[in-house]
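These notes concern the structure reproduced below.
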Amino acid sequence: MQRLIEGYRRFRETYWLQNKGVFEALAAGQSPRAMVITCADSRVDPQLIFDAQPGEIFCVRNVANLVPPYAPDSDHHGTSAALEFAVRSLKVEHIIVLGHAHCGGIRTLLEGGEQGDFIGRWMEIAALARERALAASVHAPETVAHVCEQESIRITIDNIMTFPWVAERVHAGELQLHGWHFDIEQGELERVV
Ligand SMILES: [Zn+2]
């Protein structure tokens, strides 16, 4: 904890002071052109990967960068709410689904078994990715995980397209969807969709 507090002090004394004007301008409102949907994993930081400044990326992070299909029911849909705000209010032009290697959520999905109070149910969104990965003609566990990570990115993109106001903007050429996979060791992005 001390490390974070010291980090905050450094932020105030250097970055914030040097970029005071940027923060003052941002206080008046945000207009990011891109939304990133990525994993909560501590090793995947979109702002760092894209060398982005405050105000550039509207980001939502959850377990395994999933988006459920459009379902305007009485449940609490945190990720869908963020998607709605990005598309309908901010009118972002790009949505990037950023998956990554060694994803714990994907590993849980592949292993099955005891999956906590929420994680197992959440990962059901990507059940089809598990089926596709297990059916693929690969054997090494890491390779199966890699296929599953990529398939889950495709499923998330497909699910995003079930939101009517997303599909409308995509078809009008006002919004583009992208699916990328981040290799932690190599620091490389691979285009999946
Ligand atoms: Zn992950």
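The values are calculated or read from the model by the stated rules, or taken from the named source; none is laboratory data. The model shown is predicted, which means the values in this text are computed figures rather than measured ones. All Cβ positions, glycine included, derive from the backbone under ideal geometry; neighbour counts span all protein chains shown.
Look at (1) at pLDDT below 95; (2) more than 20 Å from residue 38 (Cα to Cα) and you find that residue 167 fails only one, number (1).
Residues of the range 57-72 that are touching a Pro at 6+ places or on another chain (Cβ under 9 Å) and within 16 Å of the ligand (Cβ to nearest atom): 59, 61. On inspection, residue 188 qualifies as surrounded by fewer than 17 Cβ atoms within 10 Å (Cβ to Cβ) and at pLDDT 95 or above. Is it the case that residue 31 is more than 28 Å from residue 174 (Cβ to Cβ) and exposed (fewer than 14 other Cβ atoms within 10 Å of the Cβ)? No: the conditions fail for residue 31.
When the residues of the range 163-193 are filtered to those that are β-branched (Val, Ile, Thr) and under 17 Å from the mean Cα position of the chain (by Cα), the one that is farthest from residue 45 (Cα to Cα) is 166.
Would you pick out the residues in the range 106-136 that are within 13 Å of the ligand (Cβ to nearest atom) and either in contact (Cβ under 8 Å) with a residue 40 or more places away in the chain or not hydrophobic (A, V, I, L, M, F, W, C) (or both)? Passing the criteria: 106, 107, 108, 109, 119, 122, 123, 126. One residue is enough: does the range 42-56 have a residue meeting the conditions within 16 Å of the ligand (Cβ to nearest atom), surrounded by fewer than 11 Cβ atoms within 10 Å (Cβ to Cβ) and closer than 22 Å to residue 122 by Cα? So far as the range 42-56 goes, yes, one or more of its residues are within 16 Å of the ligand (Cβ to nearest atom), surrounded by fewer than 11 Cβ atoms within 10 Å (Cβ to Cβ) and closer than 22 Å to residue 122 by Cα. Within the range 90-105, the only residue that satisfies the criterion of being touching a Phe, Trp or Tyr at 6+ places or on another chain (Cβ under 8 Å), near the ligand (Cβ under 10 Å from one of its atoms) and in a loop (DSSP other than H, G, I, E, B) is 101.
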